[in-house]
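Computed from the coordinates by the stated procedures, all read-outs in this text should not be read as laboratory data. For clarity, every value in this text was computed on a predicted model and none was experimentally measured. Cβ coordinates were reconstructed from backbone atoms using ideal geometry, including for glycine residues, and neighbour counts include every protein chain displayed.
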Amino acid sequence: MKTTQKVLSIDATTGFYRLRRYPVGDYFGPVDLGVHLDGQRSCLNFGTGLFAGSIFPGSNRLVFTGFSPNWRGFYVSSMGGAGLVFDNLGINLVSLVGKAARPSILYLNREHGEEVEVEVEPVDLDRIWYGGGETGSLPRSGRWGAYALLDHALARFGGRYSADHRAFAAGPAALDTDFAGLLSAPLKDGRASDIDTWAGRGGFGSKMLQDHGIAAVIYGGTVAEEDFRDRRVADSWFEEKYQQKLAVKDFEATTKYRFDPKFETGGTFGVNYAQMGGRLIAFNYRTLSWTEEERKSLHARLVAGHYLKQFNEETIATKSQATCGEPCAAVCKKYRGEFKKDYEPYQALGPLVGIFDQRAAELVNRASDAAGFDAISLGGLLAWLMDLLDRGELSPEDLGVTRIPRWTDGPGQAAFDATADSAHNAELVMELIGSILDKRGILDLSEGPRKWARRIRKERGTRILDRFVYTANGRKGWMVPNQYWTPGVLAPMAIMGKYYMHYGTEFLPPRELGKACAERLEKELRMDNAGLCRFHRAWGEEMMAEAISSVYGLKEEYLSAVSVAASRINSRNAAVYWESAADLELVSSFLRRRRDVEGDTNPELAKWIAAFEADPAEAALSYWFEMRKGIDENLRDFL
Ligand code: SF4
């Protein structure tokens with residue numbers, strides 16, 4: 001049982017480190033500790049929850065916190081299974097400060113109870129990322145970029161470990177953009193497997209490299225702590241609450257991620273697309289203005305009839321599934337060969353950019369991952385650029401590419417060829433990825449798309465941001481929303497881009513929606529602060545507090561610590577009112593569809609639809625502020 005939170009603070013400038021201890025009770029996990037540390041100095045923190053190494057399935061996430069370079073605010077991102085090996089370091093959290101003089105790999109090892117060995121070793125990134133080839137060139141296959149760096153770190157330092165170890169790494173996108181993530185994978189025979197795991201959102205790859213000079217981290221050790229492993233005791237908690245043993249409850253709760261017989265598919269990709277129908281988002285959200293029949297027809301032909309069909313045949317039927325590295329019955333990682341498939345990246349770099357074919361989606365998702373981008377942000381951003389190309393608001397020369405997209409409108413969709421047109425759009429995506437990395441044409445996203453778009457407006461008088469669906473934070477912060485057609489994804493929350501908001505598809509008056517977002521933040525933090533994977537939320541939201549109650553007798557203290565962390569996060573809420581016309585369209589089209597397609601007769605809904613019809617700008621402003629009121633009145637600091 002862990003009684004103190006051990007934080008190893010490492011100065012990347014010198015490699016010096018020091019260990020600090022915080023009693024459990026003062027802080028409970030990587031999020032409330034992260035909020036505390038972030039308030040003290042600029043740092044990137046990564047660590048595990050109190051139940052890492054325990055028998056709870058999903059309890060081994062490696063949780064990253066710090067100031068996000070693209071969101072421009074405090075952020076939380078986490079990586080599946082990567083906490084299991086981290087736990088063997090015998091510490092709870094690493095807090096990285098300072099900056100290495102040259103790009104480096106951080107090596108952490110703890111053998112036989114000795115102190116953690118800490119080394120900061122320089123690395124030649126261009127040689128590793130591009131295999132000695134031309135800097136900035138975009139290979140179409142192979143393990144380049146973040147994959148190559150991951151392999152390099154494992155090959156160079158792996159021999160020094162006598163036990164399990166793991167690594168995470170950034171790709172070239174971390175050097176020149178603000179939205180690069182961090183790639184890891186469980187090991188097989190000492191080498192990285194094909195089961196990628198990501199701390200994707202929030203730009204922590206960019207932060208680690210640009211702010212701290214660290215491009216990869218390798219870690220492992222032999223410390224065996226007394227983690228909670230008493231299955232009999234856990235079963236008794238679960239039987240009291242659910243009349244089911246832990247394993248049975250968990251198996252039932254994770255059906256969607258494994259295989260759902262209702263839809264004859266599994267994983268987020270399979271189940272989300274199987275039940276999407278007329279809620280399909282494609283071609284930079286243009287489908288939101290199509291008729292329901294047009295969207296359904298697109299879904300039936302290109303998604304159910306092709307994109308999803310391929311996935312079911314190639315991945316589900318062959319049972320190509322794995323875990324993120326920890327023992328877990330959900331086996332949520334669905335793959336084909338080296339391509340691991342989740343809904344959000346294969347949606348954002350899929351239908352959103354006009355790709356409905358697995359081969360085309362594999363090409364661009366792999367390129368995005370190797371470059372080290374957060375694939376959801378990249379997909380949203382490229383869909384916007386492709387929309388601008390298609391409308392002629394920017395030229396191929398402006399963006400350093402040779403073609404424009406082959407997209408379609410509702411009535412013309414029958415002519416869209418699932419394979420050929422997807423392949424064409426994928427080639428354009430590949431060119432655009434190269435353009436972002438090489439800053440071709442007028443493209444320069446080093447300070448984010450809002451700053452770049454402002455410059456274009458100043459120089460050309462064109463307001464290109466109106467076609468970009470994103471949430472804005474502070475002066476430069478931005479985030480591509482989660483891929484659901486519902487106003488919650490554009491809520492004015494202090495952290496956006498992950499599930500710290502209500503993304504249900506029912507209509508809630510905006511003030512209630514704000515309240516629901518605030519409640520979801522607290523529930524998600526209960527899991528993130530315990531390092532628990534949210535795919536186990538059907539029991540995790542309440543059982544983490546119960547487990548802390550049983551083991552530490554500190555249930556109320558835990559819930560209170562989470563509430564305080566939530567209100568502290570919200571106290572820095574710098575959400576900016578929707579800047580883009582496309583954001584307003586997402587909300588107003590959702591409201592209309594609720595009434596016209598779902599048959600929702602709620603008078604509040606009718607009132608908001610009428611308001612949007614009469615004066616869209618005024619209605620949207622009121623709607624946004626109503627949400628914000630609902631958020632703030634439920635996330636007050638009560639101390
Ligand atoms: S559901 Fe998936 S990501 Fe979560 S713990 Fe299980 S295998 Fe890992």
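When the Cα convex hull of the range 229-359 is projected onto planes of every orientation, the mean area is 9.6 nm².
Distance between the modelled labels on GLU264 and ARG460, one decimal in nanometres: 4.8 nm (7 Å Cα→Cβ projection).
Amide H contacts of VAL118 (H built 1.01 Å from N, in plane; Pro and chain starts excluded): no residue 5 or more places away or on another chain comes under 5 Å. This ranking places MET527, MET627 by how few other beta-carbon atoms lie within 10 Å of each, fewest first, which gives MET527, MET627.
Which order, highest average first, do 446-455, 581-590, 215-224 follow once you tally other Cβ atoms within 10 Å for each residue and take the mean per peptide?
With the highest mean Cβ count within 10 Å placed first, the list reads 215-224, 581-590, 446-455.
With θ taken as phi - 60° and the Karplus curve 6.51 cos²θ - 1.76 cosθ + 1.60 applied, the whole-hertz 3J(HN,Hα) list for the range 418-427 is 4, 8, 5, 6, 4, 5, 4, 5, 5, 5 Hz, x standing for glycine and proline.
Charged neighbours of ARG102, selected by a Cβ distance under 11 Å, balance to -1 (K, R count +1; D, E count -1).
Qualifying GluC sites (Glu not before Pro) in the range 453-551, where qualification requires a DSSP coil assignment and no more than 16 other C-beta atoms within 10 Å, comprise GLU506.
How long is the gain from ALA415 to GLU598 if the chain were fully straight, where each residue apart is worth 0.36 nm and the alpha carbon distance is subtracted?
Details: separation 183, 0.36 × 183 = 65.88 nm, distance 2.87 nm.
Here the segment from ALA415 to GLU598 would lengthen by 63.0 nm.
Backbone amide hydrogens, once placed in the peptide plane, bring TYR27 within less than 5 Å of nothing, excluding anything fewer than 5 places away on its chain.
Simple rule: put +1 on each Lys or Arg Cβ and -1 on each Asp or Glu Cβ in the chain, find the dipole, and look at HIS536, ALA518, VAL7; the Cα lying farthest toward the positive end is VAL7. Taken about its Cα centre, the chain carries a charge dipole of about 380 debye when Lys and Arg each add +1 at the Cβ and Asp and Glu each add -1 at the Cβ. Note on the range 564-603: dipole from Cβ charges, positive end direction compared against TRP578, VAL564, GLY599; the farthest Cα belongs to VAL564. Using a simple spin-label model with pseudo-atoms 7 Å out from Cα toward Cβ, LYS241 and GLU226 lie 2.4 nm apart. Computed extension gain for LEU19 through ALA614, at 0.36 nm per residue and net of the alpha carbon distance, reaches 208.1 nm. By the count of other C-beta atoms within 10 Å, a proxy for reagent exposure, ILE55, ILE464, ILE495, ILE569 are ordered fewest to most as ILE55, ILE464, ILE569, ILE495. Label sites at ASP164 and PHE625, each approximated as a point 7 angstrom past Cα along Cα to Cβ, lie 5.3 nm apart.
Semi-axes of the equivalent ellipsoid for the range 412-543, computed as √(5λ) from the eigenvalues of its C-alpha gyration tensor and ordered from largest down, come to 34, 21, 17 Å. The phi torsions of the range 397-411, fed into the Karplus equation with coefficients 6.51, -1.76 and 1.60 and a -60° offset, translate into couplings of 5, 3, 9, x, 10, 10, 8, 10, x, 9, 10, 9, 9, x, x Hz, rounded to whole numbers, with Gly and Pro shown as x. The slack between ALA317 and ARG403, meaning 0.36 nm per residue of separation minus the straight C-alpha distance, is 27.3 nm. Please name whichever of TYR470, ILE442, ILE456 sits farthest to the positive end of the charge dipole of the range 434-480, dipole taken about the Cα centre and charges placed at Cβ: Lys and Arg +1, Asp and Glu -1. In the range 434-480, that residue is ILE456. Computed from the C-beta positions of THR4 and ASP632, the FRET efficiency with R₀ = 41 Å rounds to 0.75. Structure note, pairs LYS262/LYS523; LYS249/LYS319; LYS188/LYS341; LYS439/LYS523; LYS2/LYS515: Cα-Cα distances above 31 angstrom occur for LYS439/LYS523; LYS2/LYS515. Distant-in-sequence amide contacts of ILE214, defined by a placed amide H-H separation under 5 Å and a gap of 5 or more residues or a different chain, comprise ALA100, SER104, LEU209. Estimated purely from DSSP H runs of n ≥ 4, each contributing -39500 (n - 2.57), the mean residue ellipticity at 222 nm for the chain is -12000 deg cm²/dmol once divided by its residues.
Neighbours of LEU605, meaning other residues whose beta-carbon lies under 14 angstrom from its beta-carbon, give a summed charge of -2 when Lys and Arg score +1 and Asp and Glu score -1. Among PHE86, PHE51, sorting on how many other beta-carbon atoms sit within 10 Å of each Cβ, with the fewest leading, yields PHE51, PHE86.
Remark: the range 572-577, residue by residue, has Karplus-estimated 3J(HN,Hα) of 9, 5, 10, 4, 10, 3 Hz, where x stands for each Gly or Pro and the curve is 6.51 cos²θ - 1.76 cosθ + 1.60 at θ = phi - 60°.
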